[in-house]
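J.: Questions regarding the structure given below will be posed in turn.
The values are calculated or read from the model by the stated rules, or taken from the named source; none is laboratory data. Everything numeric in this text was worked out from a predicted model, so none of it was measured. Methodologically, a virtual Cβ is constructed for each residue, glycine included, from the backbone with ideal geometry; neighbour enumeration extends over all protein chains shown. Protein only, heavy atoms only, side chains kept; ligands, DNA and RNA dropped before computing areas. Shrake-Rupley method; radii C 1.70, N 1.55, O 1.52, S 1.80 Å.
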Amino acid sequence: MSDETTDPTGDAGGYVPLTFPTVEDPETYRAGFACIVGRPNAGKSTLVNALVGTKVAITSGRPQTTRHTIRGIVNRPDAQLVLVDTPGLHRPRTLLGTRLNDLVVGTLAEVDVVGFCLPADQKIGPGDDFIARMLEGVSTPVVAIATKAQTVEPSRLIEHLIDIEELGRAHAADGFAAIVPVSSLEAYQVDVVAEVLCSFLPVSPPLYPEGELTDEPEQVMVAELVREAALEGVRDELPHSLAVVVEEISPRPGRPEGKELLDVQVIIYVERDSQKAIVIGRGGSRLREVGTRARAGIEALLGTRVYLDLHVKVAKDWQRDPKQLQRLGF
């Protein structure tokens, strides 16, 4: 079965057909949403990127780098899996932290299956127990995913899987719906995770057109790429204080055909002057590195050359100010 719809685009108000994936057997084809949860830095974004096959969510060694629910779309012959990557659940210390937690809880009620990431290189802790307790009241099936499985010895992985099973049984009579070890960077069992998650989706036609990998607006993706670049090699306290806003994306006028250029204007907000100095670096050296790293990702995303204009501004204590949180998109 093939389905088409139309979407108005272009200056002349024309219509471009949207082609949905071909479905050989509508009675068995599945489509739906999977929410990926876990405490900060549990490998959620890396797993989403591995499942989709390209970067749709930023990754960093710093916790709490995900600020938005990024949807990644996985198209298989038998299913379409829409992945929702969420911020890491944590005990909030700011208004921003509280809103991020609320974002996760609200997402759980809208999906068909939950993937609970528990990294194999860390022992099950209070944060994991906190999330497991939260999931007790959710009727959605929960698949436990032992991330970073190939970063530990086999004996340690077995211990970790046993601990995961005990955690599941401590919070539900039947435990988790499934337990799957995976190592996203090594592509170990990524396909198994996709197959297991798809098995819990309802029978449904495809939800998104063929070729779409995410439904995030380009401006959000650009902002996330800049923030990922800015997080590299900074002090521990800085990630939570970084916010990125894309002011404008516009074609450079007068460029000849084949040599198009997009002007991308971006503002990086921090909370204090000392943080501004960290992002800019001596003589602007660090900001230039951020621009070089981010530009490569942005050009790959937009499919054209870009001129990236970065500025750093101070928005004092924005994480605790409701008005500033709203202005920055939270």
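J.: Which ones in segment 19-45 are under 22 Å from residue 146 (Cβ atoms) and either surrounded by fewer than 15 Cβ atoms within 10 Å (Cβ to Cβ) or of a type in the set (Lys, Arg) (or both)?
T.: 39, 44
J.: Does residue 79 count as open to solvent by less than 10 Å² (accessible area, probe 1.4 Å), at pLDDT 60 or above and under 22 Å from residue 33 (Cα atoms)?
T.: yes
J.: Can I ask one more? Scan segment 60-76 and tell me whether some residue there is touching a Gly at 6+ places or on another chain (Cβ under 9 Å), open to solvent by 60 Å² or more (accessible area, probe 1.4 Å) and either at pLDDT 75 or above or within 23 Å of residue 131 (Cα to Cα) (or both).
T.: Within segment 60-76, one or more residues are touching a Gly at 6+ places or on another chain (Cβ under 9 Å), open to solvent by 60 Å² or more (accessible area, probe 1.4 Å) and either at pLDDT 75 or above or within 23 Å of residue 131 (Cα to Cα) (or both).
J.: Show me the helices (runs of 4 or more DSSP H) entirely contained within segment 100-203 in which 3 or more residues are out of contact with any Pro (no Cβ under 7 Å at 6 or more places or on another chain), open to solvent by 30 Å² or more (accessible area, probe 1.4 Å) and at pLDDT 95 or above.
T.: 154-171, 190-198
J.: Among the candidates 56, 16, 48, 52, single out the residue that is open to solvent by less than 10 Å² (accessible area, probe 1.4 Å) and either over 12 Å from the mean Cα position of the chain (by Cα) or modelled with pLDDT of 85 or more (or both).
T.: 48
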